[in-house]
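I am attaching a structure below and will ask some questions about it afterwards.
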Amino acid sequence: MASNSRVTIAAHALAWLELARRRGRPWLTSDEVAASVNTNPVILRRSLGDLRRAGLVTARRGTGAGFALARPAEEISLFDVWTAVEAEPLLALHHSEPNLECPVGRGIRPVLADVYDEATTAFGAALARRTIADILERILT
């Protein structure tokens, strides 16, 4: 099973936008951001679109087109990034109803739903404690 890298790509893009801002370039094109991520600009634009819809980046068209952070990097948590780009739940139940005549099949969904909710809450809390500014500072040290 492949890992999902959407949060990593989005966090990378935001950290690069923040570093560029600090260096006097508040706007970068999707091609410039994609070059840092080393991914196809189409994939990157999809991620930037999710981040824009979540209010984490702003886009500008025409002369000087590009993307910029919509708010300070200290105010963008990894939880914000995760919720912006990750449509799927962290953990999921069966796609189809298990055998309800089996005692395990009958009771597993509500039990696992509680455990998964608890794990997702803990995961989200861990992400909420880190910001894009924190990530960039760790990268630069």
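The values are calculated or read from the model by the stated rules, or taken from the named source; none is laboratory data. Every value quoted in this text rests on a predicted model; they were computed, and no experiment measured them. Because the Cβ atoms are built from the backbone with ideal geometry, glycine has one as well, and the counts that use them run over all protein chains shown. The area values use the complete protein model at the heavy-atom level, side chains included, leaving out ligands, DNA and RNA. Shrake-Rupley method; radii C 1.70, N 1.55, O 1.52, S 1.80 Å.
Which label marks the calculated value of P(r) over Cα pairs in 10 Å bins from 0, in percent, given the options [x] 11, 40, 32, 16, 1; [y] 12, 43, 34, 10, 0; [z] 11, 36, 26, 14, 9, 3, 0?
[z]
Hey, another quick one. Through the Karplus equation 6.51 cos²θ - 1.76 cosθ + 1.60, θ set to phi - 60°, convert the phi angles of the range 42-47 into ³J(HN,Hα) values in whole Hz; use x for Gly and Pro.
5, 5, 5, 4, 4, 5
If you place +1 on the Cβ of every Lys and Arg and -1 on the Cβ of every Asp and Glu, how big does the dipole about the Cα centre of the range 101-140 come out, in debye to the nearest 20? Write out the running numbers ahead of the final one.
Details: 5 positive and 6 negative charges, 17 e Å.
Its charge dipole is roughly 80 debye.
Please list, ordered by chain and number, the residues whose modelled amide H lies under 5 Å from the amide H of residue 57; skip anything fewer than 5 residues away on the same chain.
52, 70
While we're on this one: How many Å² of accessible area per residue for the chain, probe 1.4 Å?
Values: 8840 Å² over 141 residues.
That works out to 63 Å² per residue.
While we're here: May I ask you to give the percent of accessible area on the chain that is carbon plus sulfur, with a probe radius of 1.4 Å?
Details: 4850 of 8840 Å².
Answer for the chain is 55 percent, counting heavy atoms of protein chains only.
Taking DSSP loops as anything outside H, G, I, E and B, show the longest stretch in the chain free of GluC sites (Glu not before Pro) there with at most 14 other beta carbons within 10 Å. All intermediate terms of the calculation are to be shown ahead of the outcome.
Values: sites that count: 86, 101.
Counting at most 14 other Cβ atoms within 10 Å as exposed, the longest clean stretch of the chain is 1-85.
A further question on this structure: Can you give the angle from 0 to 90° between the axis of helix 6-22 and the longest principal axis of the chain, with both taken from C-alpha atoms, to the nearest 10?
20
Given a 1.4 Å probe and heavy atoms of the protein chains only, how would you sort 111, 37, largest accessible area at the top?
On the way: 111 90, 37 25 Å².
Accessible-area ranking of 111, 37, largest first: 111, 37.
Mean residue ellipticity at 222 nm from the helices of the chain, using -39,500 (n - 2.57) per DSSP H segment of n ≥ 4 over the full residue count, to the nearest 500 deg cm²/dmol?
On the way: 6 runs with 81 residues, N = 141.
Value at 222 nm, helices only, nearest 500: -18500 deg cm²/dmol.
Let me ask another. Specify which residue in the list 14, 51, 63 is farthest towards the positive end of the charge dipole of the range 1-63, using unit charges on the beta carbon of Lys, Arg (+1) and Asp, Glu (-1), about the Cα centre.
Looking along the dipole axis, the top candidate is 63.
With θ set to phi - 60° and the Karplus curve 6.51 cos²θ - 1.76 cosθ + 1.60, what are the ³J(HN,Hα) couplings of the range 100-106 in order, to the nearest whole Hz, using x for Gly and Pro?
Result, rounded to whole Hz: 6, 7, 8, x, 6, x, 6.
Taking trypsin sites (Lys or Arg not before Pro) as exposed when DSSP calls them loop (any state but H, G, I, E, B) and at most 16 other Cβ atoms lie within 10 Å, what is the longest stretch of the chain free of them, the sites themselves excluded?
On the way: sites that count: 23, 61, 129, 130.
After excluding every exposed loop site, the longest remaining stretch is 62-128.
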